[in-house]
Amino acid sequence: MSKSLHFDTLAVRAGAEMTEFGENSEALFLNSSFRFKNAAQAAARFGGSEPGNIYSRFTNPTVTMLQNKLAALEGAEQCVATSSGMAAILACVMGLCNSGDHVVASRSIFGTSVQLFGNILKRWGLQVTFVSLTDIAEWENAIQANTKLLFVETPSNPLTEVCDIAAMAKLAHSKGALLVVDNCFCTPAIQLPIKLGADIVIHSATKYIDGQGRCLGGAVLGSKTLMEPVYGFLRTAGVTMSAFNAWVFLKGLETLHIRMQAHADNALKLAAWLEQQAGVQRVYYPGLASHPQHQLAMRQQSSGAGIVSFEVKAKPGQTEQEAAWAVIDATKMISITANLGDVKSTITHPATTTHSRVTAEDRAIAGIRDNLVRIAVGLEHIDDLKADLAILTR
Ligand SMILES: *Cc1c(COP(=O)(O)O)cnc(C)c1O
């Protein structure tokens, strides 16, 4: 499909392939293996001299359509779809790093990503250094001769800190390393890391790419050269995306740009309202002028995206955690769940859920306080969201 098409058009049209039946909506190929015309064709497929599907752990037409659509949206040469967002990070590292290699990652990445790098991959000989997302000098100091990847999430979860992707890419390349950006919070509808110089984009498709909280999935995107070993790991290790999930994500991507705009509009309204409430100490949202990296965010993102976090003012006699929990427990509509990127707004207490396995000391360094509440703003009417948080008006 032509590269000159607009994002909205690519979201609807890119990647689609029609079978002989002429279906207008992408078909779901819910089959594990593919038949060959004869033994010679089977041999040619396995030997790689003839392209084509063999087995759905390797490739599947529905998954391929999803990969091609997402690659077109991110401006990447190639996409490798995975069984979850965590599988995407795993496949990226297993494909591109060897034992003894070094990764520098932001301290404020997704809690499970911290566990994967700092715990599991470390046991297999990967060296990892965690640094502050926004302090580029710390990144520069942490880079070693064996540093392969710089790994960032921007905006970060849950504090929505933003880092300068172009500056990070420049730093990575000057040291012979690759910049990996987890683009989960923004999606390509809001931020295009590869255009800004990043080498690899990671997605948890579970979030906004699905958009309606149904399926788990992930993706790694980058150049053909970089994606080859990532795909090599995936087809052998089996962290493959299911065809059914790919079909759901294909439908999700068609409306991604419209949903992300609506999420961001609602989030900005809610963040601005929260800033005015007596029960709120501080609001974290890149779209607010009060956000420390507001200018940068508005330069590299088309909006502030859909995640708003805020610190609750504790009442006399209340601990910070009690104050946060009181706000969460007072809601009647907003879903108390750690997921995000759903049309349904969700509310969570990072310190005791998504980041509970991070030590209290590391949470303090990352700035995740016990009075912090995160809302992934959905598509309900803004007045109903405000009403559900009326406890904050005091
Ligand atoms: C959820 C999430 C992941 C992990 O994705 P799963 O699909 O749950 O495995 C990774 N990064 C970020 C930023 C996330 O929010």
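Taking a ≥ b ≥ c as the square roots of the eigenvalues of the alpha-carbon gyration tensor, region 136-232 is classed oblate because a/c is 1.5 or more while a/b is no larger than b/c. Its residue count N fixes a reference of 2.2 N^0.38 Å for the chain, and the Cα radius of gyration divided by that reference is 1.01. Which entries of Lys269/Lys315; Lys195/Lys269; Lys148/Lys170; Lys207/Lys251; Lys122/Lys148 show an alpha-carbon separation above 19 angstrom in the structure shown? Going by Cα-Cα distance, Lys269/Lys315; Lys195/Lys269 fall outside the 19 Å limit. Once C-alpha pairs closer than 8 Å and six or more residues apart are averaged by separation and normalised to the residue number of region 102-202, the relative contact order reads 26 percent. Counting 0.36 nm for each residue step from Glu322 to Lys251 and taking away their Cα separation leaves a gain of 21.5 nm.
Heavy-atom accessible surface of region 1-112, averaged per residue, reaches 51 Å², computed with a 1.4 Å probe. Amide H to amide H distances under 5 Å link Thr240 with Ser83, where only residues 5 or more positions off or on other chains count and H is placed in the peptide plane. In terms of the mean number of neighbouring beta-carbon atoms within 10 Å, the peptides 5-14, 65-74 order highest first as 65-74, 5-14. Accessible surface calculations at 1.4 Å, restricted to protein heavy atoms, place region 258-393 at 43 Å² per residue. In order along region 113-120, the phi-based Karplus estimate (6.51 cos²θ - 1.76 cosθ + 1.60, θ = phi - 60°) of 3J(HN,Hα) comes to 5, 4, 4, 4, 6, x, 10, 6 Hz; Gly and Pro are listed as x.
Binning the C-alpha pair distances of region 258-393 at 5 Å intervals from 0 yields a P(r) profile of 2, 11, 20, 24, 21, 15, 6, 1, 0 %, listed from the shortest bin outward.
Per-residue 3J(HN,Hα) values for region 73-87, derived from phi via the Karplus relation 6.51 cos²θ - 1.76 cosθ + 1.60 with θ = phi - 60°, read 6, 7, x, 9, 5, 8, 10, 10, 7, 10, 6, 6, x, 5, 5 Hz in sequence order (x marks Gly and Pro).
Of Leu392, Leu192, the residue with the largest accessible area leads and the full order is Leu192, Leu392 (1.4 Å probe). The eigenvalues of the Cα gyration tensor, multiplied by 5 and square-rooted, give region 210-324 an equivalent ellipsoid with semi-axes of 37, 18, 16 Å from largest to smallest. Ligands, DNA and RNA left out, the accessible area of region 258-393 computed with a 1.4 Å probe is 52% carbon and sulfur. Counting Lys +1, Arg +1, Asp -1, Glu -1, what net charge surrounds Glu140 among other residues with beta carbon under 14 Å of its beta carbon? Residues close to Glu140 contribute a combined charge of -1. Entry for region 1-155 at q = 0.16 Å⁻¹: log10 I(q)/I(0) = -1.03, Debye formula applied to identical alpha-carbon scatterers, no solvent contribution. When a 1.4 Å probe is rolled over the protein heavy atoms, the share of accessible surface on region 7-254 that falls to carbon and sulfur comes to 54 percent.
Packing order of peptides 116-128, 46-58, highest average first: 116-128, 46-58 (average count of other Cβ atoms within 10 Å over each peptide's residues). Peptides 239-248, 269-278 ranked from most to least packed, by the mean per-residue count of other Cβ atoms within 10 Å: 239-248, 269-278.
Here region 134-175 and region 361-394 have alpha carbon centers that stand 27 Å from each other.
A 1.4 Å probe run over the protein chains yields, for region 158-211, 24 Å² of accessible area per residue, whole-number rounding.
On the beta carbon distance between Ile365 and Lys315, with R0 = 35 Å, the FRET formula returns roughly 0.80.
The values are calculated or read from the model by the stated rules, or taken from the named source; none is laboratory data. Quick caveat, the model's predicted, so the values are computed rather than measured. Quick reminder, even Gly has a Cβ in these numbers, built from the backbone with ideal geometry, and neighbours come from all protein chains shown. Surface accessibility is based on the protein's heavy atoms, side chains included, excluding ligands, DNA and RNA. Shrake-Rupley method; radii C 1.70, N 1.55, O 1.52, S 1.80 Å.
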